[in-house]
1. Report the accessible area of HIS215, computed with a 1.4 Å probe over the heavy atoms of all protein chains in place, in Å² rounded to the nearest 10.
2. Enter the per residue convex hull volume of the range 94-134, computed from alpha-carbon coordinates, in Å³ rounded to the nearest integer.
3. Can you sort PHE80, PHE485 by 1.4 Å-probe accessible area, starting with the largest?
4. Enumerate the amide H contacts of ARG510 below 5 Å, restricted to partners 5 or more residues apart or on another chain; note that Pro and chain-start residues carry no placed amide H.
5. Over the Cα atoms of the range 356-508, what Rg and Dmax result, in angstrom?
6. As a test of reading the structure, rank PHE259, PHE275, PHE368 by solvent-accessible area (1.4 Å probe, protein chains only), most first.
7. So what are the three principal axis dimensions of the range 56-145 from its Cα atoms, in whole Å, longest to shortest?
8. I need the Kirkwood Rh of the range 459-531: take the reciprocal of the average 1/r across all distinct C-alpha pairs and report it in angstrom.
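The values are calculated or read from the model by the stated rules, or taken from the named source; none is laboratory data. The structure displayed is predicted, hence computed values, not measured ones. Surface accessibility is based on the protein's heavy atoms, side chains included, excluding ligands, DNA and RNA. Shrake-Rupley method; radii C 1.70, N 1.55, O 1.52, S 1.80 Å.
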Amino acid sequence: MVDNRERIRGPSRDGREGLTSPRHVLRRLMLLSEGRQYREAAGVVGRLGPSLLRSVVSELPMDLLIEALPHSAYLLESFFNRLNTVLTLNPKPEISVDSIIWHLVKLFGNPHESGLRQRCSKLIESIGTWSPTIRDVLKDRRKALDQAIQGLGIHGLTADQSGNLTALHTALKTELQRHVDTYKAAIHKLDELSPVTIHQDPAQSSHQRLLAINHDDLQQRLIDNKTILTLLDKPVLKQLGQLVEVLSQRVQCDKEALFCIGEIRRSDPLLSCDFRPLAGIMMNFARGCDSVLRLMGPVTVPSSPGGYSCCSDGYHSDSADSLPDDSNCELIRAFSTLYSKTRVEIVEYLDTIPQLKNAFYLKTKILFSIIVLAFRSCQGLRERKVAEVRRVLGATTGCDGESSVGNKVSVLNLEKAVRQYLQDTADSLPLVDIEKQISNQILSTLYEYPCLESCQQLQQYIASCVRLAWKMVTQPNSYSLDNDFTHGLLQPEKQERHSSYSDRNSGIIRAFVWPALIQDYRCILKAVVIT
């Protein structure tokens, strides 16, 4: 009898022991996890009922499973699949979905684990089903990282009053000194004004006395006031306001970059930022966000066959049938043509310049930099235009009270109207300043190649890039470029080899020829790289 009772009380051999108590389930799951038996642990989770599952999830030491990723991905996937199946009604149990996602973003940003995508793809998809709002969080973070990365690059030289490029602080010092000298001269002149103009006695400024002014006094008053106006109303003095605006923009960009780095460090406390380039850290994190976003749902990736291509470059685009509408079709065709035709023509012209004839990588880098600078400058101009209208109209979103809700809606409507206007006038808005800015930046960097300064074809290419970039960034669903220019391993989902200059047996990127075109975190056109 004793032996019979022991056999009855003993654990069953089908893995179902202890499945009626949350404590026993947790203990079994932790034992299996410590032994890295995640598939067996997932089998235990798959048999949990709704009430037991809710209890187990609320007490599960999620941080341990997160640290074990990607090895624990199978167990976490089974949890979320089970939750999506049996716990569809509110209230949902609280699970640190954010912690899991940011850890996955870190892993995908520096993919050292082999088979990471295969291990984690279903887990990410099930998390997206369980918490749909996490997708928007990732998109917002990705957008903030893009803006922060772009902001790091706006601290270059700026044009002074004469049009020469100089450091912003030097230009500010020059302008402030000009203002000081002008104001000193104005103060000295104000002290020399005639009694007719200055009116020390308030009684002399009465309406009756002013109507009684004679011809000589009127003439003297005009001379005095015109002298002061000539001193103060100088076009050169207006340069200071523009420089202050540039300074303000740079301060805001650095604040955004530090905020993004702070968010990354909060999600990865072990990250060291002291001696590493911040752009590289943010690009890695942005790449991780891209990978996780793609795995949350189906992503349309352009295929190599068909579309618009050049037999010598290997650059391809989607066919028109797969594109959303006619306007987008035209823009994507134009972007493809800019690479496959316009760029080829300017390369052929540069080949005729002796200094550049054999400088293939230099020419490639120049033309690549121009299209990247064009998109960045146009994106900055778009946001400055919107911010300028808001500032002129005093439009703020408010921070408290019922009126702030309506105020916020009004501001959003205003911004929408401004963006619509920018889209409607995309063909006619003057963009000469951006063209000059990009041209000056290229020429100042390559000052040892003075032949570029007189190259009209290059200026026309810059104008074409800027105009197309402006049209694409002012779309309601705007386009952008993939800003990940890391010379790492080839990523086939968004990059393809240049057919003429690449080593087909190598997967290491040596140079970027053309950037990838992105819309809604989808790769519309792949980048062209040399391996």
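1. For HIS215, solvent-accessible area is about 130 Å².
2. Details: hull volume 2.5 nm³, N = 41.
In the range 94-134, the Cα hull volume divided by residue count equals 62 Å³.
3. Numbers: PHE80 5, PHE485 45 Å².
The ranking, largest first, comes out as PHE485, PHE80.
4. Answer set, sorted by chain and number: ILE530, THR531.
5. Here Rg and the maximum Cα pair distance are 20.4, 67 Å.
6. Values: PHE259 120, PHE275 195, PHE368 25 Å².
Largest to smallest exposure gives the sequence PHE275, PHE259, PHE368.
7. 35, 29, 20
8. Details: mean 1/r = 0.0753 Å⁻¹.
Value: 13.3 Å, from the Cα pair sum.
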